[in-house]
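The values are calculated or read from the model by the stated rules, or taken from the named source; none is laboratory data. What you see is a predicted model; the values in this text were computed from it and never measured. Note that each Cβ is placed from the backbone with ideal geometry, even for glycine, and that neighbours are counted across all protein chains shown. Ligands, DNA and RNA are stripped out before the accessible areas are found, and what is left, the full protein with its side chains, is counted by its heavy atoms. Shrake-Rupley method; radii C 1.70, N 1.55, O 1.52, S 1.80 Å.
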Amino acid sequence: MERIREFFTYEKPQGYISVSNTPPRLYRQERDWTCSVACIRTLLSGRVAEVASENEFIEKFGLVPGPHYVDELIEKQMLAPARVVKTNRSFAGEKIGLPLLARLLEEKYYVMAECMYNYAHWVVVLGYFAVRDAEDTEEHRILVYDPYYDQVRLVIADEFLTMWCDPDGHEKEFVAIR
């Protein structure tokens, strides 16, 4: 019997693929509030020879404890070493969701996304996999690196989608660089 979808976010797959793109180094966050810094450092490890330390990031960009979002990351030019930077702001007219996430990975972008694992928590997206049924996102998985726990996790795509939002539940924030 097919599941009745009445409440939770659901996306109908459109040519999903299995794809991964992992940066050379995965950086653990050193403080309880530096998930965004750890994710940026992880993404930049695929673009620069020497990645600044967490302390150097905090000092250089004047970061204070608390969550940090896309607008601040761009305004302070924290991603400046990347050749191309795309964020959720780059896709104003396009639906932000799983198809876009898979496409960015396929195009060899390194991607980080803000989600609700904890309040306003950033993770690095390492892969998207259509595991069994290409037509059912409940059978798809997202591979993420969580810098707080220093762990790689395989998450059901639908679950990731419901956690991928800002604290008010409106916008799916992400940063993609190459």
Across the chain, qualifying lysine pairs (alpha carbons under 22 Å, at least 8 places apart or different chains) come out at 11
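Would you please give the FRET efficiency between I74 and E30, computed as 1/(1 + (r/R0)^6) with r the Cβ-Cβ distance and R0 = 22 Å, to the nearest 0.05?
Numbers: r = 23 Å, r/R0 = 1.05.
With a Förster radius of 22 Å, E is 0.40.
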Burial-style ranking of 59-66, 108-115, 154-161, 18-25, average other-beta-carbon count within 10 Å with highest first, yields 108-115, 154-161, 18-25, 59-66
Once both label points are put 7 Å beyond Cα along the C-beta direction, the S18-R83 separation in nm becomes 2.9
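Using a 1.4 Å probe over the heavy atoms of the protein chains, calculate the carbon and sulfur portion of the accessible area of segment 74-127 as a whole percent. Spell out each step's value before the answer.
Details: 1180 of 2350 Å².
Percent of accessible area from carbon and sulfur atoms in segment 74-127: 50.
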Expressed to two decimals, the chain has a Cα Rg over Rh, using the Kirkwood radius, of 0.96
Taking Cα atoms only, helix 35-44 is inclined relative to the longest principal axis of the chain by an angle, in degrees rounded to 10, of 90
Per the C-alpha gyration tensor (a ≥ b ≥ c, the square roots of its eigenvalues), segment 96-178 is rounded if a/c is under 1.5, else prolate if a/b beats b/c, else oblate; here it's rounded
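Counting heavy atoms of the protein chains only and a 1.4 Å probe, report the per residue accessible area for the chain as a whole number of Å². Before the final figure, lay out each step's value.
Details: 9210 Å² over 178 residues.
About 52 Å² of surface per residue is accessible.
Across every pair of different alpha-carbon atoms, what Kirkwood hydrodynamic radius in Å does segment 118-163 reach? Don't skip to the end; give the middle numbers.
Details: mean 1/r = 0.0908 Å⁻¹.
Taking the inverse mean of 1/r over all distinct Cα pairs, segment 118-163 comes out at 11.0 Å.
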Total charge of the residues flanking K86 in space, meaning their Cβ is under 10 Å from its Cβ, with Lys and Arg +1 and Asp and Glu -1, is +1
Here, T162 and D133, labelled 7 Å along Cα→Cβ, have an inter-label distance in nm of 1.7
